[in-house]
Amino acid sequence: MEAGIVGLPNVGKSTLFNALTMSKAAQSANYPFCTIEPNEGVVSVPDGRLQRITKFIVPKKIVPAALKLVDIAGIVKGASEGQGLGNKFLTHIREVDAILQVVRCFEDPDVIHVTGKVNPLSDIETIEIELMLSDIQTLENSLSKAERTAKSGDKDAKHRVEVIKKCLAHLTTEQPLRKLQLEEADEKVVKSYGLMTAKPVLYVANVDEGDLEGNGPLVQQVREFAKKAGAQVVPVCAKLESEIAELDEGDRAEMLEGAGLAEPALAVLARAAYRALGLQSYFTAGEMEVRAWTIPIGATAPQAAGVIHTDFEKGFIRAEIYCLEDLETYKTEKDIRAAGKLRVEGKSYVMQDGDICHFLFN
């Protein structure tokens with residue numbers, strides 16, 4: 001699963017991406033990091049539950065969940081018609097699973113805004129319109145082909161035509177597809193086209209050092225917009241975060257304390273992006289490693305086992321599961337089992353965020 005970082009030019013998008021992917025914290029033993037391509041990176045998702053588990057089960061290695069980020073070319077008005085790096089921008093967005101839109105919420109005369117004025121709602125509207133126009137083009141181009149196939153009586157093609165027309169009608173109301181209620185079968189059709197306004201979005205308010213909590217009027221505008229859209233907002237000072245990311249652990253802690261931050265805002269952002277993708281974690285814990293595994297919310301126990309190895313899903317027998325709170329109460333897995341707190345779950349069990357598991361398979 002991957003998220004694309006998007007935004008207008010000069011909103012701090014690349015600064016934020018560089019801070020996330022160059023963070024020394026992300027390269028530590030607890031939070032590994034690797035660069036895939038110049039504009040892509042994998043960052044860890046900080047999770048305090050890992051440290052809580054290792055107080056009782058001491059491993060040789062700790063492996064957190066990871067998230068792939070893609071720094072996508074900046075968009076300008078007319079991107080859907082190929083302006084700027086529009087075509088490259090749109091191609092990359094179609095390939096990601098969620099959008100992190102960086103919105104400029106700070107004034108700085110030395111950093112010129114592409115429109116000449118800082119207006120976060122206008123920035124959001126510009127990108128939303130370009131994505132909707134591009135989705136309309138994609139759907140219109142696909143409609144004629146689907147209609148031709150449907151004439152032969154093909155049921156799948158007929159369904160595809162219905163979904164395309166439903167989406168086009170919705171987009172003409174100037175509303176993104178993520179607001180359109182669809183059946184599961186319809187969602188599969190939409191996903192097959194990589195329609196961008198159907199993807200979940202997380203707004204990243206890039207603030208200055210005087211508004212780290214995002215209480216200023218510009219961020220409040222974004223919060224009100226996001227609330228109506230059913231989206232989240234994470235305030236981040238990209239400039240400060242990039243400076244923090246370059247420091248050693250001791251200096252980082254001192255700088256965070258001086259700024260009044262309990263942790264880097266990038267950690268909050270990584271977790272919020274994880275949730276925006278509809279993901280959750282379960283854990284395996286042993287002497288070799290304590291690891292967070294990434295699964296979609298709603299995944300069953302066999303599907304979760306399959307994340308470790310496909311053979312685990314194919315030969316799934318049962319899962320033995322306990323929760324972190326029981327580990328903290330009883331201290332060892334042996335005592336959890338003796339207390340009757342170790343649950344045995346079958347193939348229909350829906351995984352819960354934070355489950356600690358052992359899988360038995362044939």
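Read the figures in this text as sums done on the coordinates, not as results from a lab. Because the structure is a prediction, the values reported are computed rather than measured. Every residue, glycine among them, receives a Cβ derived from its backbone with ideal geometry; neighbour counts consider all protein chains shown.
Please list, by residue number, every one of the GluC sites (Glu not before Pro) in the range 141-249 that is coil in DSSP and has at most 16 other beta-carbon atoms within 10 Å. If you can, show how the numbers build up before the last one.
Working: sites: Glu147, Glu162, Glu174, Glu183, Glu184, Glu187, Glu209, Glu213, Glu224, Glu241, Glu243, Glu246, Glu249; in loops: Glu174, Glu183, Glu209, Glu213, Glu246.
Loop-located and lightly packed - Glu174, Glu183, Glu209, Glu213, Glu246.
Which value results for Rg/Rh of the range 163-204 when Rg is the Cα radius of gyration and Rh the Kirkwood radius based on the inverse mean 1/r? Write down the numbers at each step before the final one.
Working: Rg = 10.2 Å, Rh = 10.6 Å.
Value, to two decimals: 0.96.
Given the convex hull of the Cα atoms of the chain, what is a quarter of its surface area in nm²? Present the calculation step by step, with values, prior to reporting the outcome.
On the way: hull surface 84.6 nm².
It is 21.1 nm².
What is the distance in Å between the Cα centroid of the range 338-357 and that of the range 167-209?
34
Could you tell me which of the pairs Lys55/Lys341; Lys155/Lys191; Lys55/Lys314; Lys158/Lys347; Lys55/Lys334 are separated by over 25 angstrom between their Cα atoms in the structure shown? Mind dumping the intermediate values first?
Working: Lys55/Lys341 19 Å; Lys155/Lys191 18 Å; Lys55/Lys314 33 Å; Lys158/Lys347 35 Å; Lys55/Lys334 16 Å.
Exceeds cut-off: Lys55/Lys314; Lys158/Lys347.
Taking all pairs of distinct Cα atoms, average 1/r, flip it, and tell me the Kirkwood hydrodynamic radius of the range 191-289 in Å to one decimal place.
Working: mean 1/r = 0.0636 Å⁻¹.
Averaging 1/r across every pair of different Cα atoms and inverting gives 15.7 Å.
Find the Cα radius of gyration of the range 301-362, compare it with 2.2 N^0.38 Å by division, and give the number to two decimals. Working shown, then result.
Working: Rg = 11.9 Å, N = 62, 2.2 N^0.38 = 10.6 Å.
Against the empirical 2.2 N^0.38 Å value, I get 1.13 for the range 301-362.
Note down the magnitude of the dipole of the range 88-186 about its Cα centre, charges +1 on Lys and Arg C-beta and -1 on Asp and Glu C-beta and zero elsewhere, to the nearest 20 debye.
Working: 14 positive and 19 negative charges, 116 e Å.
In total the dipole reaches around 560 debye.
Over all distinct Cα pairs, what is the inverse of the mean 1/r for the range 123-267, reported as the Kirkwood hydrodynamic radius in Å?
Numbers: mean 1/r = 0.0551 Å⁻¹.
Over the range 123-267, the inverse of the mean reciprocal pair distance is 18.1 Å.
Which helices, taking whole DSSP H runs in the chain, have alpha carbons extending 30 angstrom or more along the helix axis plus mean Kyte-Doolittle at least 1.6? Please list the in-between numbers first.
On the way: long enough: 120-150 (44 Å, -0.14).
Counting only whole DSSP H runs, no helix qualifies.
In whole Å, what is the distance between the alpha-carbon centres of the range 255-295 and the range 90-139?
27
Quick one: which residues, 5+ away or cross-chain, put their amide H under 5 Å from the amide H of Thr300? H built at 1.01 Å from N.
The list, which skips near neighbours in sequence, is Met351.
Between the DSSP loop rule and a limit of at most 15 other Cβ atoms within 10 Å, which GluC sites (Glu not before Pro) in the range 280-337 are left?
In loop regions of the range 280-337 (DSSP not H, G, I, E or B), the sparsely surrounded GluC sites (Glu not before Pro) are Glu287.
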